[in-house]
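To keep things clear, I will list the structure first and then write my remarks on it.
The values are calculated or read from the model by the stated rules, or taken from the named source; none is laboratory data. Just so we're clear, the structure is a prediction, and the values are computed from it rather than from any experiment. Here Cβ is always computed from backbone atoms with ideal geometry, including for glycine, and neighbour counts include all displayed protein chains. These accessible areas exclude ligands, DNA and RNA; they are computed on the full protein's heavy atoms, side chains included. Shrake-Rupley method; radii C 1.70, N 1.55, O 1.52, S 1.80 Å.
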Amino acid sequence: MLTSTKELLEAAQKDSYAIGAFNLYNLEGAKAVVDAAEAENSPAIIQILPHVLDYGGSPLIAVFLEAANSAKVPMSVHLDHCDDDTMIKTVLDSGIQSVLADGSTLPFQENLAFTREMTELAHTKGATVEAEVGRISGTEDGMTVAEKEAKMTDPEEAKEFVAEAGVDFLAVTIGNVHGKYHGEPKLDFDRLAKIRQQLEIPLVLHGASGLPANMIQQSIDLGVCKFNVNSEVRKRYLQFWREYGQTESKRDLLDCQKEVTSAMQEVIAEKMRLFGSAGKA
Ligand code: 13P
C-alpha cells in the first residue's frame, strides 16, 4: 500500500531500523522491490532519479505509484537528487509524496533559499522533503583529504539549515560516496554522532552499496533511518544481460525479464535484512 516516506521513516526511527530506498529504472526494478518487500515483510521506498524521469515521464511514475499501492506492505515513492523546481512541482502534483530538493551544489544561503521554497511547496501538498547539506559525490575518492573534509556535513550548519528550511529528513555526508568505494569505506562516525546531537529528524545515508554490515549497524545506531541503494542492484541487472548477450540463447524475452527480476530481488532482500526492516511491515 502506498504510504508516505515520513510515516515509514518515523516508524523506523522509533524502532531503530532503516528503510532501503532503491533507485529504479523500469518495471522489472519495481517488481523486484515489491517481491522482495512482500517476501521479507518489509517496508520499502522506490526512488526515481531526475534523468530517469526525463526518459520515463508520467508512464513510469504511474508504474512506480501503482507498484507501491498494490503491494501488500507499506511502500512510498521518492524523487531523488532534484535541483529543478519545475520537476519537483510536477512530481508532487502526480502523487509522489517526497523529494530530495538538492541544492547541494549551491552556496549555503542559496541552497537554503531553494530548499526552503521547495519545502513550503511540498508541505502545502502534504508531502515531505529530504535535503542535503555537504555534498555527496561519486568522485570524492579522487580528492585530497582537505577537499573531502570541506564537503562533509558540518553539524552546526546542519542544525541551522534544518531549522531555517524546515525540511523533514537530512542526507548526511560523512565519507559516503555514490558508486564504488575505492578501498575500505571510511565513515566519520564522530561527525554523525555530532549531527545526531543537533537534530531529531530522520537522517539519510546515500551510497549504501558496498558498505559492510558493521557500518550499516553503526549508522542506524546513530540515527540513520534511510539508506539509498542503486549500484549493487543495477550491477546485478546489467550482469544478467551481459551474460545473456554472451550466449547464443534463443530464450523467451519474458522468461529473461522474470529471471532478471529475481536476480535483483535477491540483492534487495539481502539489504532489507541488513537494514533491519525485514519483518517490520
Ligand atoms: P549507491 O549507488 O552507492 O548505492 O548510492 C545510491 C544513492 O545514494 C542514490 O541517491
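Just to be sure before I move on: is LEU274 within 16 Å of the ligand (Cβ to nearest atom), in a helix (DSSP H, G or I) and more than 22 Å from THR5 (Cα to Cα) in the structure I sent? Outline the logic, then answer.
Numbers: within 16 Å of the ligand (Cβ to nearest atom): yes; in a helix (DSSP H, G or I): yes; more than 22 Å from THR5 (Cα to Cα): no.
No; evaluated as a whole, the condition is false for this residue.
Output the helices (runs of 4 or more DSSP H) that fall wholly within the stretch 37-124 and possess 3 or more residues being at pLDDT 95 or above and within 18 Å of VAL167 (Cα to Cα), or say none.
Hits in the stretch 37-124: 85-94, 108-124.
When only residues in the stretch 1-30 that are surrounded by 24 or more Cβ atoms within 10 Å (Cβ to Cβ) and part of a loop (DSSP other than H, G, I, E, B) count, which is farthest from the ligand (Cβ to nearest atom)? Let's see the steps before the verdict.
Kept after step one, since they are surrounded by 24 or more Cβ atoms within 10 Å (Cβ to Cβ), are these residues of the stretch 1-30: 5, 8-9, 18-22, 24, 29-30.
Adding the requirement that they be part of a loop (DSSP other than H, G, I, E, B) leaves 18, 24.
Details: ALA18: 13, LEU24: 11 Å.
Here the answer is ALA18.
Take the residues of the stretch 236-262 that are within 16 Å of the ligand (Cβ to nearest atom) and surrounded by fewer than 16 Cβ atoms within 10 Å (Cβ to Cβ): which is nearest to GLU28 (Cα to Cα)?
The first filter runs over the stretch 236-262 and keeps only residues within 16 Å of the ligand (Cβ to nearest atom), leaving 236-239.
Imposing the further condition that a residue be surrounded by fewer than 16 Cβ atoms within 10 Å (Cβ to Cβ) reduces the set to 238-239.
On the way: LEU238: 12, GLN239: 14 Å.
Result: LEU238.
Quick one: would you say VAL99 is among the β-branched types (Val, Ile, Thr), closer than 20 Å to GLU132 by Cβ and touching a Cys at 6+ places or on another chain (Cβ under 8 Å)?
Considered against the rule, which asks whether it is among the β-branched types (Val, Ile, Thr), closer than 20 Å to GLU132 by Cβ and touching a Cys at 6+ places or on another chain (Cβ under 8 Å), VAL99 comes out as yes.
So SER58 fits all but one of (1) in contact with a helix residue (DSSP H, G or I) (Cβ under 7 Å, 6 or more places away or on another chain); (2) small (Gly, Ala, Ser); (3) within 14 Å of ILE96 (Cα to Cα); (4) open to solvent by less than 20 Å² (accessible area, probe 1.4 Å); what number is the exception?
Status for SER58: all satisfied but (4).
Filter the stretch 151-208 down to the residues that are under 14 Å from the mean Cα position of the chain (by Cα) and either of a type in the set (Lys, Arg) or open to solvent by 30 Å² or more (accessible area, probe 1.4 Å) (or both) and list them by number. Walk me through it before giving the result.
Let us first name the residues in the stretch 151-208 that are under 14 Å from the mean Cα position of the chain (by Cα), namely 169-173, 176-179, 202-208.
Across the stretch 151-208, the qualifying residue is only HIS178.
If the Cβ limit is 6 Å and pairs must be 6+ apart or interchain, which residue in the stretch 87-108 that is more than 16 Å from the ligand (Cβ to nearest atom) pairs with which residue that is in a loop (DSSP other than H, G, I, E, B) and of a type in the set (A, V, I, L, M, F, W, C)?
What qualifies is LEU92/ALA127; GLN97/ALA127.
What number of residues within the stretch 54-86 satisfy the criterion of being within 16 Å of the ligand (Cβ to nearest atom) and of a type in the set (Phe, Trp, Tyr)?
1
Could you tell me whether any residue of the stretch 192-212 is near the ligand (Cβ under 8 Å from one of its atoms), out of contact with any strand residue (DSSP E or B) (no Cβ under 6 Å at 6 or more places or on another chain) and not hydroxyl-bearing (Ser, Thr, Tyr)?
yes
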